[in-house]
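These notes are about the structure you will find just below.
Readers should treat all values here as calculations from the given coordinates under stated rules, not as data from a laboratory. Small disclaimer: the values here were computed from a predicted structure and weren't measured. No Cβ is skipped: glycine too gets one built from the backbone with ideal geometry, and neighbour counts run over all protein chains shown.
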């Protein structure tokens, strides 16, 4: 597989310039080496951030500095290849190893502290936290309301499902915030919104599937979850979830279950499947962004934009056209939802504008079409710039894409074979993660 050089963008940029992080180092603030003269000075570090990558050959988690392209740290990590995510505040790498019943954390070394009268950025050497989570089968990781949520599937013979919640602040003290033990094991998911936990429920008497069929709501009271309601609307063979500006959606075998976050009591809406859904197919993946009202549903190679508040039933689902014969390999929203991207199996990165009625912005040809023996590409998004980082299917290179101007910026040759990628660093103010991330 060969990576193509920068190709012209067939659409238009969303903004006139790329939003950059603060532009300079200033004098250090009052600490062991500071003085009273700079006590009121903000200390901003100009950095593109860092990438977390797992070196499959060396079994190491490597932290790469995007400013120099150098590897800053190599941390040994035994067991299966981990899935990598960024913590809610983008300081920590969250590494889940489902088969090893393990979640571990690495401090990227980039963070900001509030010193009362000013903010201070820090750039330090990455390090592994002593904190680990050791419950059964950590599978889904989601971010919402500045919380990171790990859903442990459990095992019928060993343990029920469990939800564990943390923040960047609790990770800073090597601890989590709260956990909830569920009644049975399941391949489920949990979402946090408005201080409430929305979590799947499976009746343990149902045999033949580990998929849940209902959703429960709890509220977070300090470090405990208090039960509120089990919704009566069912969601058969529930799989896939996402949160948008107004709603949470769950994929069901017979449609989509929507929870309205703006109405009192968080009522549900049950949507039937799209009329043109391919026979034998179902919606099993949902994507959302805190700044976008609509959700996106993926059913096989079909993609639909969901507007649960559409005035007519025919307007609930809108097809997102990728072109004849193109199948999606990776998809999602950019940091603030200005762009929805789909990397197709032809190597083309298609960009859409949700705020402009999902109009296509164009296609960036970032690589050749992956071969049959190639793996799937992985994508990480910067929360400091309008940049996307594509780990190529062979794991040898990272392609940096400017999603504002629609062009490839550079290719970073890694010198090792990587699996998994996550961006960590100093996030732009007001950042929200995409709200559904999972390893299986």
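Once the mean of 1/r is taken over each pair of separate Cα atoms and inverted, the stretch 285-324 shows a Kirkwood hydrodynamic radius of 10.8 Å.
In terms of overall dimensions, the C-alpha atoms belonging to the stretch 61-102 reach 35, 23, 10 Å along their principal axes, ordered largest to smallest. Both numbers refer to the Cα atoms of the stretch 190-296; Rg and Dmax are 14.0, 47 Å. Cα extents for the chain along the principal axes, largest to smallest and rounded to whole angstrom: 62, 50, 43.
Where does each of 275, 400, 228 land when they are ranked from fewest to most other beta-carbon atoms within 10 angstrom? Show your work: numbers first, answer last.
Numbers: 275 8, 400 20, 228 13.
By the 10 Å Cβ count, ascending: 275, 228, 400.
With both labels modelled 7 Å from their Cα along Cα-to-Cβ, the residue 230 to residue 410 distance reads 5.5 nm.
Is the stretch 315-440 rounded, prolate or oblate when judged by the Cα gyration tensor, a ≥ b ≥ c being the square roots of its eigenvalues, rounded requiring a/c under 1.5 and prolate requiring a/b larger than b/c?
Oblate shape, in that a/c is at least 1.5 and b/c is the bigger or equal ratio.
Quick check for you: which residues of the stretch 302-330 have the amide N under 17 Å from the point 7 Å beyond the Cα of residue 194 toward its beta carbon? Those under the cut-off are 308-309. Zone of residue 68 (label point 7 Å along Cα→Cβ, backbone N under 13 Å): which residues in the stretch 124-144? Zone members listed by number: 124-126. Within the P(r) computed for the stretch 382-424, what percentage of the Cα pairs occupies the region above 13 Å? So the portion of pairs separated by more than 13 Å is 52 percent. The C-alpha radius of gyration of the stretch 243-349, expressed as a fraction of 2.2 N^0.38 Å, stands at 1.06. Per the Cα gyration tensor, the stretch 352-401 maps to an equivalent ellipsoid with semi-axes of 24, 15, 8 Å, ordered largest to smallest.
Sort largest first and round to whole Å: the equivalent ellipsoid semi-axes of the stretch 54-171, each the square root of five times a Cα gyration tensor eigenvalue. Working shown, then result.
Values: eigenvalues 143, 79, 18 Å².
With the √(5λ) rule applied to the stretch 54-171, the semi-axes are 27, 20, 10 Å.
Please give the calculated 222 nm ellipticity per residue for the chain, where each DSSP H segment of at least 4 residues contributes -39500 (n - 2.57) and the sum is spread over every residue; nearest 500 deg cm²/dmol?
Values: 1 runs with 5 residues, N = 440.
Per the formula, 0 deg cm²/dmol.
Put simply, the C-alpha atoms of the stretch 244-307 give a gyration tensor, and the ellipsoid matching it has half-axes of 21, 13, 8 Å, longest first. Fewest-first ordering of 358, 423 by other beta carbons within 10 Å of each residue's beta carbon gives 358, 423.
According to the calculation over all Cα-Cα pairs in the stretch 181-233, the P(r) per 5 Å bin from zero is 4, 20, 29, 23, 14, 6, 2, 0 %.
For the stretch 135-261, dividing the convex hull volume of the Cα atoms by the residue count gives 100 Å³ per residue. Placing dummy labels 7 Å off each Cα toward the beta-carbon, the span from residue 357 to residue 115 is 5.2 nm.
If we count other beta carbons within 10 Å of each Cβ, what is the order of 59, 130, fewest first?
Details: 59 13, 130 8.
Least crowded to most crowded, the residues run 130, 59.
Considering only 337, 116, 420, the mean-square fluctuation computed in a Gaussian network model of the chain, springs between alpha carbons under 10 angstrom, is largest for 116.
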